[in-house]
């Protein structure tokens, strides 16, 4: 479950990064500090499979791979950005609610 | 991971149901067809802990328990509703992308 959440976190960050423009694999890797190669490949592949990300391969040696958001991916990225903004805004309130809940003896 | 997704599905449905007004435990159970008692308790508890749902206990015999969205929960429910609407709208496009992706031989 925690791994799944982490995976979603990387998806959110990848979408946010690509929302500002196309990126090469190396550029994305640098932008997403701390992501493992496996998680990055997985995240990009899932986004590509869902039609959110387009993958361009230039037949250079070595091949140069670029990723960019499709129109569908752009609209998804906006949705996700709104949810992230809401979460940030509500973080303090949610944390206060949790502290109060955990401190309260359980009534039935 | 699938259980986690299922859990999120119930959270979304609970928020949608409570967005239309307060509900007693039995009413919620009826509205969320197929939910197990364990999953419903878990879902409501998590939402209550996060300050999204308020739980009222009337000291009748047996006690009557009512759930309603807090203002924070209402704003979260709107966010989630927007994401659900987007998902419904994009479902066909995403499924088409997946079919195309799975049919395509992998290029490097």
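Among the listed residues B:18, B:47, which satisfies the condition of being at negative phi, away from every other protein chain (no Cβ under 14 Å) and either touching a strand residue (DSSP E or B) at 6+ places or on another chain (Cβ under 6 Å) or at pLDDT below 95 (or both)? I'd like the intermediate steps shown before the answer.
Details: B:47 fails: away from every other protein chain (no Cβ under 14 Å).
Unique residue meeting the criteria: B:18.
Going by what's in this entry, would residue B:31 be described as touching a helix residue (DSSP H, G or I) at 6+ places or on another chain (Cβ under 8 Å), surrounded by 11 or more Cβ atoms within 10 Å (Cβ to Cβ) and touching a residue at least 12 places away in the same chain (Cβ under 8 Å)?
yes
Residue B:55: over 11 Å from the mean Cα position of the chain (by Cα) and part of a helix (DSSP H, G or I), yes or no?
Working: over 11 Å from the mean Cα position of the chain (by Cα): yes; part of a helix (DSSP H, G or I): no.
Judged against the criteria, residue B:55 is not a match.
Can you spot a residue in region B:1-10 that is over 25 Å from residue A:48 (Cβ atoms), assigned to a helix (DSSP H, G or I), within 14 Å of chain A (Cβ to nearest Cβ) and touching a residue at least 40 places away in the same chain (Cβ under 8 Å)?
No: zero hits.
Within the bounds of region B:98-106, is there any residue that is more than 9 Å from chain A (Cβ to nearest Cβ) and at pLDDT 90 or above? Outline the logic, then answer.
Here is the first cut: in region B:98-106, the residues more than 9 Å from chain A (Cβ to nearest Cβ) are B:99, B:103-106.
Checking the rest, the ones that are also at pLDDT 90 or above come to B:99, B:103.
There is at least one residue in region B:98-106 that is more than 9 Å from chain A (Cβ to nearest Cβ) and at pLDDT 90 or above.
Conditions (1) over 21 Å from residue B:75 (Cβ atoms); (2) out of contact with any helix residue (DSSP H, G or I) (no Cβ under 7 Å at 6 or more places or on another chain); (3) within 10 Å of chain B (Cβ to nearest Cβ), marked per residue:
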site: A:58; (1), (2), (3): yes, yes, no
site: A:65; (1), (2), (3): yes, no, yes
site: A:68; (1), (2), (3): yes, no, no
site: A:80; (1), (2), (3): no, no, yes
site: A:85; (1), (2), (3): no, yes, yes
site: A:88; (1), (2), (3): no, yes, no
site: A:92; (1), (2), (3): no, yes, no
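The values are calculated or read from the model by the stated rules, or taken from the named source; none is laboratory data. Keep in mind that what you see is a predicted model, and the values were worked out from it rather than measured. Glycine also receives a Cβ, built like all others from the backbone with ideal geometry; neighbour counts cover every protein chain displayed.
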